[in-house]
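Q: Structure provided below as structure tokens; questions to follow.
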Amino acid sequence: MASPVELTAMRRAIELSLNGASTTPPNPDVGCVILDATGATVGDGWHARPGGPHAEVDALTQAGERARGGTAVVTLEPCDHTGRTGPCTQALIEAGIARVVVAVADPNPVAAGGAATLRAHGVDTELGVLADEAAEANARWLTPFRTHRPFVVWKFAATLDGRSAAADGTSRWITGPEARADVHRLRAAVDTVVVGAGTVRADDPRLTVRLAADDATDAAGTTDATGAADATGAADAAGVADAAGVADVADVAGAAGAADAAGSAAAVAAAGGVVGAERVDATVPGGAETVGGPMPGGAGTDAFPLANAGAVMADGGAALTDAALTNAAGATGGAGAGGGRPAQAAVAPGGPAVVQPLRVVVDSGGTTPASARVRDDEAETWIATAEEVGATADGRVDLARLLTRLYERGQRYVLLEGGPTLAGAFWRAGLIDRVVGYVAPALLGAGPAALADAGVNTIDAAIRLDVADVRMVGPDLRITATPHDHRKA
Ligand SMILES: NC(=O)c1ccc[n+]([C@@H]2O[C@H](COP(=O)([O-])OP(=O)(O)OC[C@H]3O[C@@H](n4cnc5c(N)ncnc54)[C@H](OP(=O)(O)O)[C@@H]3O)[C@@H](O)[C@H]2O)c1
């Protein structure tokens, strides 16, 4: 049974795990604390990015010889395989660790088995310590294993009176530049962005990631020890604004704040911890550049691993070479049958490089025109039709099957960017794991609501949320929350 000192260390490890929040995808968020033989903390660490040291190694490095005979307290079962880095079990054994306290068993068949290996080497190993808390902190990574679908974050922007657009349909500047910059950082953390056909018809968004040069600084590890403010506030709006002056859902909706960053930041702020770096892997100096990245779901690289969930998680994700993934530039409408092409990492001049997420338009009849901006060649696009995915009784795209299709292709982290009709359908189907809402200090008094029919007809049926984080992003309020019954789902 875990001692009080070990429980305290585990709480600290959970806080630390969130430092990587938006840089670790598609890897898990993991924290570790090393106690020496007397129970004193001699090292702590977290996993910051794919290809970087795992939390255990980070913490062991700090502890050095003081780890010998000590205890490692870690939020996820130490890995037992050689991936981009060596097995953590080996590192713990070689460091002379006598006891390992683990919160959550590793559900990834490729990396699992760490506890058994440790025990086989005489290391006293305990699993399940503060497992619920640690699982909540790592929900983004754990949920797909449990549900066999990607983790879904719904982001929206609304006025204080809950309007997502004006009565005449204009909605571009609901939120300020800082909130809009948040959207781009969130997009940079996910592997898939989803919108409804209605939003494409109304706004013709591009749905690409356009990060500001400032984000490179964030990526280097800017943290806020108080948890009271985060990197989002530092965004350079000018750098994020669409250079072509093109309206975008992000520009329209303000959006999505770092799903992960936001959600994690919430828990961290509550715990008085730190908020971590953004998911950006490199700064490409000297102007705009396109860097070929991995096929989504295919083998990744350390430099641009971010759309590579399938390969890292190795739990069934197939390579995204499916013909359904259209090369937008070459598609002519409907569920295009063009071959997939590598995701690209677009960067602003002097800005950080990111892998562009897959863009998915939920478009029952395949009416998205070839000229739609979402079909440009900046990123890969899938026009998901009812014929290809499967239809519900009303002839629309079956959303559960849509997510299954994405999961099968290795996509693990979805940002649902609206609009209200599609978001309502996702809620009705119980397919949303986290909400990031931006509330602008403005009133419209008319216009569509942020959320359309979500299947709620009476107050008792209201979808109740647990608020994880509330913060100002420029002049706007950002609220991150999870469905109240999320853990039971
Ligand atoms: N403030 C914000 O955060 C925000 C974000 C995004 C958009 N918006 C605004 O929202 C407006 C567009 O919203 P919208 O509600 O009209 O469109 P939407 O939610 O983007 O798209 C709805 C459309 O998606 C298609 N669809 C396919 N399968 C579906 C399913 N299972 N369930 C529901 N829909 C499905 C349907 O069109 P088909 O029948 O043709 O397939 C449906 O009409 C725009 O004014 C835009 O500016 C605001």
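Since every read-out is calculated from the coordinates, none of them should be taken as a lab result. This one's a predicted model, so the numbers in the text were calculated from it and none came from an experiment. Cβ placement follows ideal geometry from the backbone for every residue including glycine, while neighbour counts extend to all protein chains displayed.
Q: Take the Cβ-Cβ distance between LEU465 and ARG84 as r, set R0 to 41 Å, and report the resulting FRET efficiency rounded to the nearest 0.05. Show your work: numbers first, answer last.
A: Values: r = 36 Å, r/R0 = 0.89.
My answer for the efficiency is 0.65.
Q: Restricting to segment 1-156, compute how many DSSP beta bridges are antiparallel as a %, nearest 5. Please list the in-between numbers first.
A: Values: 9 of 17 bridges.
DSSP beta bridges in segment 1-156 are roughly 55 percent antiparallel.
Q: A further question on this structure: Return THR367, THR75 ranked ascending by Cβ neighbour count within 10 Å, so the fewest neighbours appear first. Please report the intermediate quantities before stating the final value.
A: Details: THR367 15, THR75 32.
Placing the least packed residue first, the sequence is THR367, THR75.
Q: So between LEU127 and ALA98, what do we pick up on full extension, going 0.36 nm a residue minus the alpha carbon distance?
A: Values: separation 29, 0.36 × 29 = 10.44 nm, distance 1.48 nm.
Roughly 9.0 nm would be gained on extension.
Q: Place a point 7 Å from Cα of ALA166 in the direction of its Cβ. Which residues in segment 438-459 have their backbone N less than 14 Å from it?
A: Those under the cut-off are 442-448.
Q: What does the charge add up to near PRO475, with Lys and Arg as +1, Asp and Glu as -1, over the other residues with Cβ less than 15 Å from its Cβ?
A: My count for the surroundings of PRO475 gives 0.
Q: Based on the alpha-carbon gyration tensor of segment 4-137 and its eigenvalue square roots a ≥ b ≥ c, which shape applies: rounded if a/c is under 1.5, prolate if not and a/b is larger than b/c, or oblate?
A: Details: a/c = 1.32, a/b = 1.17, b/c = 1.13.
Taking the square roots of the gyration eigenvalues as a ≥ b ≥ c, segment 4-137 is rounded.
Q: In the neighborhood of TRP46, defined by Cβ-to-Cβ distances under 13 Å, what is the net charge if each Lys or Arg adds +1 and each Asp or Glu adds -1? Display every interim value, and only then the final one.
A: Details: positive: ARG12, ARG49; negative: GLU15, ASP29, ASP44, GLU56, ASP58.
Taking every Cβ under 13 Å from that of TRP46, the sum is -3.
Q: If you don't mind, there's one more thing I want to ask. Which distance in Å, rounded to a whole number, links the C-alpha centroids of segment 380-402 and segment 437-475?
A: Between the Cα centre of segment 380-402 and that of segment 437-475, the gap is 26 Å.
Q: Something else about it: Quick check: residue separation of THR38 and TRP173 times 0.36 nm, minus the Cα distance between them. What number comes out in nm?
A: 42.9 nm is the gain from fully extending THR38 to TRP173.
Q: Add +1 for every Lys or Arg and -1 for every Asp or Glu among the other residues with Cβ under 10 Å from the Cβ of VAL195, and state the total.
A: Values: positive: ARG359; negative: ASP203, ASP363, GLU417.
Taking every other residue near VAL195 into account, the sum is -2.
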